[in-house]
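So the structure is just underneath, and the comments pick up after that.
The values are calculated or read from the model by the stated rules, or taken from the named source; none is laboratory data. The structure displayed is predicted, hence computed values, not measured ones. Positions of Cβ are generated from backbone atoms using ideal geometry, with glycine treated the same way; all protein chains shown enter the neighbour counts. Just the protein is used for accessible areas: all its heavy atoms, side chains included, with ligands, DNA and RNA removed. Shrake-Rupley method; radii C 1.70, N 1.55, O 1.52, S 1.80 Å.
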Amino acid sequence: MTELFSSWTLIRTSGFLGYYFLTLSLSLGLVQSLSKLKKKKAMLLSLHQKSSWYGLLTIIFHIILIWQDQFVPYSLDELFIPFHAENESLFSALGTLSFYLFFLVALSSDFFMKKLGFKKWKYIHFAVFPAWILMLIHGLAIGTDSSEPWALFIYSFSSLLMIVLLFIRITDNAEKHQSSNRKNLKC
């Protein structure tokens, strides 16, 4: 039972849980504005925002656990200054940069969207894509469970899901644009 709640198990679990919540948030963000889901937009937006904050809070827990870990200790500088970590400097930095990008997007969306205006907010919001890719690479490269079949399945499935949802979103936006152009030509 002690192993189930060891700091090492909690570090690994919080990393995967953070990845899950942020992947869920990105997925919901991609589908919430699809034409066919207009009636569900408010619910999807709420779930998108909540899963984003749950993911960020889980990653903060992950960082605190790593900072307190006795086996592979990280200082606060190593955790918060990219490329400063002695252990896996590059891949630790990718995790840090990913966290910063996700945090920037969440802050700008929930607290500064009106001040920024839609265009600036949307530009910042696109940072979720590199943030997600950095998080994926971080998990694959530095995660101790990354070579396990179940972990590879999670990473592979979520990557395929992102590609499919992005394709659907782009296709839906193109259809909306064409429909709008047809309506404007009729007027």
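About the Cα centre, and with charges only on the beta carbon of Lys, Arg (+1) and Asp, Glu (-1), how big is the dipole of the chain? Nearest 20 debye, please.
Dipole size: approximately 2020 debye.
May I ask you to evaluate 6.51 cos²θ - 1.76 cosθ + 1.60, the Karplus curve with θ = phi - 60°, for each residue of segment 38-52 and list the ³J(HN,Hα) values in order in whole Hz, giving x for glycine and proline?
4, 5, 9, 4, 4, 5, 5, 5, 4, 5, 4, 5, 5, 5, 5
May I ask for the Kirkwood hydrodynamic radius of segment 1-79, worked out over all distinct Cα pairs and given in angstroms to one decimal?
14.0 Å
I'd like the carbon and sulfur percentage of the solvent accessible area for the chain, probe radius 1.4 Å, heavy atoms only, ligands and nucleic acids excluded.
70 percent
What is the Cα centroid distance between segment 79-112 and segment 19-64, reported in whole angstrom?
So the separation of the two Cα centres works out to 18 Å.
What number does the chain give for Rg over Rh if you use C-alpha atoms and the Kirkwood radius?
Ratio of gyration radius to Kirkwood radius for the chain: 1.04.
How many nm separate the modelled label positions at Trp53 and Val164, each set 7 Å beyond the Cα in the direction of the Cβ?
3.0 nm
Rolling a 1.4 Å sphere over the protein heavy atoms, what is the accessible area per residue of the chain, to the nearest Å²?
Value for the chain: 64 Å² per residue.
With θ taken as phi - 60° and the coefficients 6.51, -1.76 and 1.60, list the Karplus ³J(HN,Hα) couplings across segment 143-154 in order, rounded to whole Hz; mark glycine and proline as x.
Working through the residues one at a time gives x, 6, 9, 4, 8, 6, x, 5, 6, 4, 5, 4 Hz.
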